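The values are calculated or read from the model by the stated rules, or taken from the named source; none is laboratory data. As the structure is a computational prediction, the values presented were derived from the model and not from experiment. We place every Cβ from the backbone using ideal geometry, glycine too, and count neighbours over all the protein chains shown.
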Amino acid sequence: MKYLTQLLDKKVYQQDGTLLGKTIDVIAQLNARFPSISAIHVQYKESLLYIPFDCVEFEDDPEGPSGAGNLQSDLRLTIPVESVPAYTLPPNTLHLRRDVLDKQIVDVHDFRVVRVNDVRLAECGTGYCVVGVDASLRAMLRRFGAVISKPIEATAHLFHTPLRANLIAWDDMQTLEPGTAEGPLRLKVSHDKIARLHPADIAEIVEQLTPQQRVEVLESLDDETIADAIAEVDPDMQVEIMQQLDLDKARDVITHMEPDDAADVLDDMPDSRSDDILDKMNPEDAEALNRLMEYHEDTAGGLMTTEYVAIPDHITCEETIQNLRALAPRAEMIYYVYIVDDDNRLVGVLSLRDLVVSPPETIINNIMVKNVIRVHVDDHANEVAQVIGRYNLLAAPVVDEEERLLGIITVDDTLERLLPQERRRRLPSTAWQDAQND
């Protein structure tokens, strides 16, 4: 035996050869790395009966593990039916047909959503356990029986395109659909593997789901992970997701997004929805987003984030480092430290390297670079990209007509605007990378 469907709908006979019923499901326990087969669910006359798996026997493939894995017979009880011990469903139980077969799953290894056409079983000690699923066409055909599957497989071989299994290890999958009322599979329980993926990979998975599944999966993640993932999906889908989330959840997600991304999402929403979200937010944060939304998306103002590090020009290196400890968690990137005067005018820039190697008592004004490459808030995105590319900058400061510092534009945000949509996710996210390094 190699697959669940080879056990399903098999006739079950008593010891004396009398027909008892047929298997309608197979029970597995989530008590180890791989769920172990613990019982079969049998249609017994007008009722249902659970029979422990160690109370049945069958003739397996005589070729052993190297064979096709087909059962050579129906199932037989090894003891009289009246002696079969009562079986109570333990906690963390899977009904493999009901809870897994034909369900959609997330393959967290290849970042895709597939439908389970069969469940892969293997011998584990004295019994069997679930080691993965098969999402292939070959598995689907196998369920129709040899009369249909063998001619199709033969034709495929004839054209040198043999059908192959598409096996996904149990460790690399998570269900998308919750079980029934008494079932153990819940979206709220185990999306830890998805949460550990890069936001761009989560976005790739989310875009393959139905709207309902999309929200269910996202709501099982923490707000920061949702925010990072939504920033990576298509703008139209961003709006769709944010409208499906309840108002408090939408506010929390927007709050965790980078200001420039949050402003873009809010700007794309219907005014009534974005106004409702902003009304729920902290007034200071809402005001900052409203200011960003005033800029055209193809200008420096539309690209910039207001999360950056700026310090006065009259403090020492030691004082600057102390300030960084307090300011850095709120900044999108801290590779550059921007220096401003008392009127918030940009007067210099300092790299972290220069800051670290300088004596602690050194005044910042003495070591900063005064000729700062900057862009103006109304500059077009193409001009911004040219400046960042020409001077190999990781970020460019944005100033107004009076040279007051308004924000910064990171290199990844610039390229996201200029590259085709399908290539944008190849860019590294500086915010996500910084979080992984913390």
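Data for the structure
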{"read-out": "Where a residue in segment 132-143 is in the same structural domain as D107 (by TED's automatic domain parsing) and polar (S, T, N, Q) and its partner, wherever it lies, is part of a loop (DSSP other than H, G, I, E, B) and at pLDDT 85 or above, with Cβ under 9 Å and at least six apart", "value": "S136/N117"}
{"read-out": "Condition check for V253: outside the structural domain of L30 (by TED's automatic domain parsing), buried (at least 20 other Cβ atoms within 10 Å of the Cβ) and at pLDDT 90 or above", "value": "yes"}
{"read-out": "So L141, is it out of contact with any Phe, Trp or Tyr (no Cβ under 6 Å at 6 or more places or on another chain) and either outside any helix (DSSP H, G or I) or modelled with pLDDT under 80 (or both)", "value": "no"}
{"read-out": "V398 vs. criteria in a helix (DSSP H, G or I), modelled with pLDDT of 90 or more and within 18 Å of D260 (Cα to Cα)", "value": "no"}
{"read-out": "Lone unmet requirement of (1) over 30 Å from the mean Cα position of the chain (by Cα); (2) closer than 19 Å to T410 by Cβ; (3) touching a residue at least 12 places away in the same chain (Cβ under 8 Å) for P359", "value": "(2)"}
{"read-out": "Test: residue in segment 97-105 that is modelled with pLDDT under 85 and either over 16 Å from L8 (Cα atoms) or of a type outside the set (F, W, Y) (or both)", "value": "yes"}
{"read-out": "Any pair with Cβ under 6 angstrom, 6 or more apart, that starts in segment 33-62 at a residue that is under 20 Å from D16 (Cβ atoms) and ends at one that is among the charged types (D, E, K, R) and assigned to a strand (DSSP E or B)", "value": "Q43/K22; E57/R76"}
{"read-out": "Helices (runs of 4 or more DSSP H) completely within segment 227-305 that count 2 or more residues being under 28 Å from L197 (Cα atoms) and more than 18 Å from the chain's Cα centre (by Cα)", "value": "235-244, 247-256, 259-268"}
{"read-out": "Qualifying position, being over 26 Å from E232 (Cβ atoms), touching a Ser or Thr at 6+ places or on another chain (Cβ under 8 Å) and at pLDDT below 95, among V337, V356", "value": "V337"}
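Residue-by-condition table, conditions (1) under 19 Å from P235 (Cβ atoms); (2) modelled with pLDDT under 90; (3) surrounded by fewer than 17 Cβ atoms within 10 Å (Cβ to Cβ); (4) in contact with a Leu (Cβ under 7 Å, 6 or more places away or on another chain):
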| position | (1), (2), (3), (4) |
| --- | --- |
| P270 | yes, no, yes, no |
| S274 | yes, no, no, yes |
| L278 | yes, no, no, yes |
| D298 | yes, yes, yes, no |
